[in-house]
Amino acid sequence: MRSLSISESSFAANAAQAEGRPDLTTMMAAAFDGIVVLDERGTVRSLNAEAAALFGYAPDEVIGRDFGMLTPESERSYRDCLRPGAPGVCRRIDGLRKDGSVFPMELGVSEIACEQGSLFIGLIRDLSQRRRFEQGVQELQANRLDLIENMAAGLAHELKQPLAAIGAYLNFARRYLNEENPSVEKVAEILDSADAQIFRASEIMDNLRQFIARGETAKTPQNLNDVIRTACEFTDALARQHNVITTVDLAASPDLVVINKVQIQQVVVNLKRNAVEAMQNWSQREMRVSTCVVEGNLIRVDVADTGPGLPEEVQSRLFAQFTTTKPHGLGVGLSISRSIIEAHNGKIWAEPNPGGGAVFSFVLPLADA
Ligand code: ADP
């Protein structure tokens, strides 16, 4: 049983006992919250062990003294509650411990009319833990909002590619239909390609939805060479359009990784698109996409081009958000790519291509077979 110190003896304890009801003393002792009994002047008439412990005093150090000793100077507004008819009020005020520290608490006051006048029962709850929890939740929400903001910037960027591809396929189909004797099979083929890009755009959206709902996206075992091969197909049309000769050499074996397929494809598409864009006004236009196993447990992917190389002014912050040297660039492709690779416990970097141009590389951990 909790210890209790109640000097007030006029709570009809005897009558309660006689009727088999628990008296106030017993109820205060059993309560999990701090309870203080005050008179109309604000003098503490009694308090339970919870309340004493909350403020770091022994009950005897408080009884008979003004309740104000348990609150900072600035918090004397609780006195408003100590007027007959006023109570029922529950407010958040600061409490003052014996050691001088201040903590948030909730004070609820109810009034008991007794022979000597009114007594007030104050129910005290320490809010420090709740405040810490609320602060934690706020921080978490802010972090998540930041992340969602980044994802939204990324989404605008990532959807550009499939939307542009869909537009290109539809234009191509329209032009082709104006030719003499267009073949139905060929048109169906073009529409299938457009359809694949619509599917890809919806996968990108699904990924974002999943991320917002769960804070992460689903990862599954995949053969990385296959994932890269598909991602290369997405950008084949763009490379051809700019007369870029692409070599694909997917030699890594084994190549099993646990990844979010759509995200890793996004990274490859970003690197390939950057390579094509870097070379579009360049005489030598070659791109090589390759994979190999390094250090026994990592799979490395390289996207090498023969363009102008990494611009000096952005070399040190290539992967930072909003770094761009393109007139209409968003500067988010590489920063998203880095977030994705790091969320897969990998690493991404860029180096000059020894023969001229740039090489963007990333490594991912291989899955245990
Ligand atoms: P954006 O493509 O919108 O500019 P990115 O984050 O994808 O954003 O790229 C940032 C910058 O990195 C580019 O503007 C360009 O200056 C540089 N960059 C990226 N890839 C290459 C590359 N293959 N060759 C040369 N510069 C590159």
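Throughout, read-outs are computed from the coordinates displayed, never taken from laboratory work. No experiment lies behind these values; they were computed from the predicted model shown. No Cβ is skipped: glycine too gets one built from the backbone with ideal geometry, and neighbour counts run over all protein chains shown.
Applying a DSSP loop filter and a limit of 13 other Cβ atoms within 10 Å to the GluC sites (Glu not before Pro) in the range 153-186 leaves E179, E180. Placing a label point 7 Å from the Cα of I198 along the Cα-to-Cβ direction, the residues of the range 165-186 with a backbone N closer than 18 Å are 165-175, 185-186. Per the Debye calculation on the range 323-369 with a single equal scatterer at every Cα and no solvent contribution, log₁₀ I(q)/I(0) for q = 0.14, 0.15, 0.16, 0.19 Å⁻¹ amounts to -0.47, -0.53, -0.59, -0.75.
Evaluate the Kirkwood expression for the hydrodynamic radius of the range 252-369, namely the inverse of the mean inverse distance over all pairs of different C-alpha atoms, and round to one decimal in Å. One over the average 1/r among Cα pairs gives 14.7 Å for the range 252-369.
Count the net charge of all other residues whose Cβ sits under 14 Å from the Cβ of V269, scoring Lys and Arg as +1 and Asp and Glu as -1. Before the final figure, lay out the partial values.
Numbers: positive: K160, R200, R229, K261, K272, R273; negative: E158, E203, E233, D236, E277.
Once all neighbours under 14 Å are counted, the net charge is +1.
The value obtained for the range 288-347, namely the Cα convex hull volume divided by the number of residues, is 111 Å³ per residue.
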